[in-house]
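Step one of this worksheet: look at the structure below.
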Amino acid sequence: MLASIKTLLLSVVDYAGLFPPAKLDLQQAMANYACYQTTAYAWMLGRFVLPASRFKEFTELLPKFPTQQQWTLSVILSQDIELDIKKVRSLNNNAITVTSLEIPPLPPTEIIKVLSHLPEGVDSYFEIPLHSEIETYIAVLRHTGASAKIRTGGFTIDAFPSVTQLYECILAFAKAQIPFKATAGLHHPLSGKHSLTNEPDSLIAQMHGFLNVTLVAALIYQQKITQAEALELLRESSPEALKITADSISWRDYQLNLAEIEQTRQKFFRSFGSCSFDEPIDALNKIKLLS
């Protein structure tokens, strides 16, 4: 395993097996997460994504997994944010660590109110609709230590932002030094046309690739790429366009060294949520990036 790829993708997949299109029951999703932690690809696995409304059910199922010593959670809050935060604060189980909260879309004025209730030492991700006036959200989140969450897909073609929308959003986050995570639609390493669901009559859409998004985020954060080139990289579909060595990853004349990749992952692009862990792994193996 090349150090550059491992640094780029370390703990990058937050497992969201409870959510569509997988939509597993909680026990099966927990079983999958526990299994993934025993595989050769466990280094790519991030947090288990759990709605706050299912805390009780989750804790009741824990005894079924006696060999699983630690559950690292990203908790999705409901509209009853204060109550959900109380649940997190009152959590008293050594097997569970809540490392992040994901907050549903709120008007900027409401985000200001929520910020004062957030627990210390837990990352917070406020979902920002990409069709909104993003600068109003940037103004609220800047200098707060909070992060952003964006949707990069869904179950309809119009749920996928354009490459221009995605670029402008990432650029705005980079300028304001606001870390972010992505969710939905990032099942494949590189941009391409894929089915939106597993159904035989599923619609086909141009889907963003998680490598495209991660590399563009890194190059923007490191101030190494122009808008025109960033848009082309977001559209890149060929693995041969990437030059990967032990200590760098390059696309065309744009190169990222290990220190830059690590800095970007730690301070800027945190992770992406996926209802499947196997699918990204299988796709990366298919293009021989994990061998």
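Annotation: of all residues in the range 194-206 being touching a Ser or Thr at 6+ places or on another chain (Cβ under 9 Å) and either modelled with pLDDT of 95 or more or among the hydroxyl-bearing types (S, T, Y) (or both), the one that is nearest to L289 (Cα to Cα) is S195. Among residues of the range 63-85 that are without any contact (Cβ under 8 Å) to a residue 24 or more places away in the chain, none has a Cβ under 9 angstrom from a residue that is aliphatic (A, V, I, L, M) and open to solvent by 20 Å² or more (accessible area, probe 1.4 Å) at a sequence gap of 6+ or on a separate chain.
The set of residues from the range 210-231 being of a type in the set (D, E, K, R) and crowded, with 16+ Cβ neighbours inside 10 Å comprises just one member, E229. The lone criterion from (1) without any contact (Cβ under 8 Å) to a residue 40 or more places away in the chain; (2) part of a helix (DSSP H, G or I) left unmet by Q255 is number (2). Among the residues making up the range 101-135, those that are in a helix (DSSP H, G or I) and either among the charged types (D, E, K, R) or open to solvent by 70 Å² or more (accessible area, probe 1.4 Å) (or both) are T109, E110, I112, K113, E135.
Within the range 105-121, identify whether any single residue is of a type in the set (G, A, S) and in contact with a helix residue (DSSP H, G or I) (Cβ under 6 Å, 6 or more places away or on another chain), and answer yes or no.
no
Against the criterion of being under 20 Å from V216 (Cα atoms) and part of a helix (DSSP H, G or I), I138 qualifies. Could you list, in sequence order, all residues of the range 277-290 that are in contact (Cβ under 8 Å) with a residue 60 or more places away in the chain and surrounded by fewer than 18 Cβ atoms within 10 Å (Cβ to Cβ)? E279, I287 - these are the residues of the range 277-290 that are in contact (Cβ under 8 Å) with a residue 60 or more places away in the chain and surrounded by fewer than 18 Cβ atoms within 10 Å (Cβ to Cβ). Considering only residues in the range 35-54 that are among the hydrophobic types (A, V, I, L, M, F, W, C) and open to solvent by 20 Å² or more (accessible area, probe 1.4 Å), the one that is farthest from K6 (Cα to Cα) turns out to be C35. If we scan the range 258-265, do we find a residue that is in contact (Cβ under 8 Å) with a residue 24 or more places away in the chain and not in a helix (DSSP H, G or I)? Looking through the range 258-265, none of the residues is in contact (Cβ under 8 Å) with a residue 24 or more places away in the chain and not in a helix (DSSP H, G or I). Of all the numbered requirements in (1) of a type outside the set (A, V, I, L, M, F, W, C); (2) open to solvent by 20 Å² or more (accessible area, probe 1.4 Å); (3) farther than 24 Å from L18 by Cα; (4) touching a residue at least 12 places away in the same chain (Cβ under 8 Å), H194 misses one, and that requirement is (3).
Limited to the range 141-169, what total is found for residues that are part of a helix (DSSP H, G or I), among the hydrophobic types (A, V, I, L, M, F, W, C) and free of Cβ contacts under 8 Å to residues at least 60 places away in the same chain?
Qualifying residue count for the region: 4.
The values are calculated or read from the model by the stated rules, or taken from the named source; none is laboratory data. Every value quoted in this text rests on a predicted model; they were computed, and no experiment measured them. Please note: Cβ atoms are built from the backbone with ideal geometry, for glycine as well, and neighbour counts cover all protein chains shown. Please note that ligands, DNA and RNA were not included when accessible areas were found on the heavy atoms of the full protein model with its side chains. Shrake-Rupley method; radii C 1.70, N 1.55, O 1.52, S 1.80 Å.
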